[in-house]
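Before any comments, here is the structure.
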Amino acid sequence: MMSILQFHTDRGAPRPIHTEIHVERLTLRAAADWQQDIAAECRRRRTLSADLFDWLERRGLFDRCTVLAAMEAETPLLFRRIGVPTVKVLGMGWSRSMIGQPEAADPHADYAHRIGLEYAEAIGAGEALFNRIAVSGVGRPFVYTQALFGWADRGRRAVLSAIDVQTLH
């Protein structure tokens, strides 16, 4: 006969972590030079392409970028590339689990939803957006800037995020 033992402790279930996200929209002039360069090149190219990736690679900037894309209309954006700054903040395990996944699969649901709003706005804007974002409740608190550029063409959508982590408490 098999029995199942259950242990109860005073600690109980894990307490939910309150996530706080503060997004401040800034002008692109406030961005680092390399973020401004990426935004200008994205504007010039008008599409997310292998040529843009090559340009980023030649300048040593590709590692600073996260890319999400949806190849068909009505499909979610999927993580295609996750940049080093994001990996440093959210971890290698998170990064590996999210490649090829939509932001909705992110275990940090509140954070993913809020940043997803910025991605959607960038796709519709046709211009670079620049934000300063402060986050707590997702691992250690962190602050970063994010230059976003989005594209939409015949149902295909993509967004490139050039991230500069300013502080990691």
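When you go through Asp33, Asp51 one by one, which is the residue that is without any contact (Cβ under 8 Å) to a residue 60 or more places away in the chain, exposed (fewer than 15 other Cβ atoms within 10 Å of the Cβ) and more than 21 Å from Arg132 (Cβ to Cβ)?
Exactly one of Asp33, Asp51 is without any contact (Cβ under 8 Å) to a residue 60 or more places away in the chain, exposed (fewer than 15 other Cβ atoms within 10 Å of the Cβ) and more than 21 Å from Arg132 (Cβ to Cβ), namely Asp51.
If we keep just the residues of the range 113-122 that are touching a strand residue (DSSP E or B) at 6+ places or on another chain (Cβ under 7 Å) and in contact (Cβ under 8 Å) with a residue 40 or more places away in the chain, which is farthest from Ala30 (Cα to Cα)?
Residues of the range 113-122 touching a strand residue (DSSP E or B) at 6+ places or on another chain (Cβ under 7 Å): 114, 118-119, 121-122.
Checking which are in contact (Cβ under 8 Å) with a residue 40 or more places away in the chain leaves us with 114, 118-119.
Details: Arg114: 22, Glu118: 18, Tyr119: 19 Å.
Looking at residues that are touching a strand residue (DSSP E or B) at 6+ places or on another chain (Cβ under 7 Å) and in contact (Cβ under 8 Å) with a residue 40 or more places away in the chain, I get Arg114.
Tally time: how many residues in the range 19-41 are part of a helix (DSSP H, G or I) and over 17 Å from the mean Cα position of the chain (by Cα)?
Summing the residues that are part of a helix (DSSP H, G or I) and over 17 Å from the mean Cα position of the chain (by Cα) in the range 19-41 gives 9.
Out of the range 113-122, which residues are of a type in the set (D, E, K, R) and open to solvent by 20 Å² or more (accessible area, probe 1.4 Å)? Quick ask: steps written out before the conclusion?
Our first condition is that a residue be of a type in the set (D, E, K, R); within the range 113-122, this holds for 114, 118, 121.
Of everything in the range 113-122, those that are of a type in the set (D, E, K, R) and open to solvent by 20 Å² or more (accessible area, probe 1.4 Å) turn out to be Arg114, Glu121.
Being over 23 Å from Ala50 (Cβ atoms) and in a loop (DSSP other than H, G, I, E, B) is true for just one of Glu74, Glu118. Which residue is that? Spell out how you get there, then give the answer.
Numbers: Glu118 fails: in a loop (DSSP other than H, G, I, E, B).
Residue meeting the stated conditions: Glu74.
Residues are listed down the side, and each one gets a yes or a no for (1) under 15 Å from Glu24 (Cβ atoms); (2) in contact with a helix residue (DSSP H, G or I) (Cβ under 6 Å, 6 or more places away or on another chain); (3) part of a strand (DSSP E or B); (4) open to solvent by 20 Å² or more (accessible area, probe 1.4 Å):
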site	(1), (2), (3), (4)
Lys88	no, no, no, yes
Trp94	no, no, no, yes
Ser97	no, no, no, yes
Pro107	no, no, no, yes
Tyr111	no, no, no, yes
Gly124	no, no, no, yes
Ala134	yes, no, yes, yes
Val138	no, yes, no, no
Val143	yes, no, yes, no
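Within the range 66-73, does at least one residue satisfy the condition of being over 21 Å from Leu26 (Cα atoms), of a type in the set (Gly, Ala, Ser), free of Cβ contacts under 8 Å to residues at least 12 places away in the same chain and open to solvent by 20 Å² or more (accessible area, probe 1.4 Å)?
No, there is no match, as no residue in the range 66-73 is over 21 Å from Leu26 (Cα atoms), of a type in the set (Gly, Ala, Ser), free of Cβ contacts under 8 Å to residues at least 12 places away in the same chain and open to solvent by 20 Å² or more (accessible area, probe 1.4 Å).
Quickly run through the range 145-164 and pick out the residues that are open to solvent by 20 Å² or more (accessible area, probe 1.4 Å) and under 12 Å from the mean Cα position of the chain (by Cα).
Asp164
The values are calculated or read from the model by the stated rules, or taken from the named source; none is laboratory data. All figures in this text were calculated on a predicted structure; none of them were measured in a lab. Here the Cβ is made from the backbone with ideal geometry for all residues, glycine too, and neighbour counts use every protein chain on show. For the accessible areas, the whole protein counts, side chains as well, though only heavy atoms, and no ligand, DNA or RNA atoms are used. Shrake-Rupley method; radii C 1.70, N 1.55, O 1.52, S 1.80 Å.
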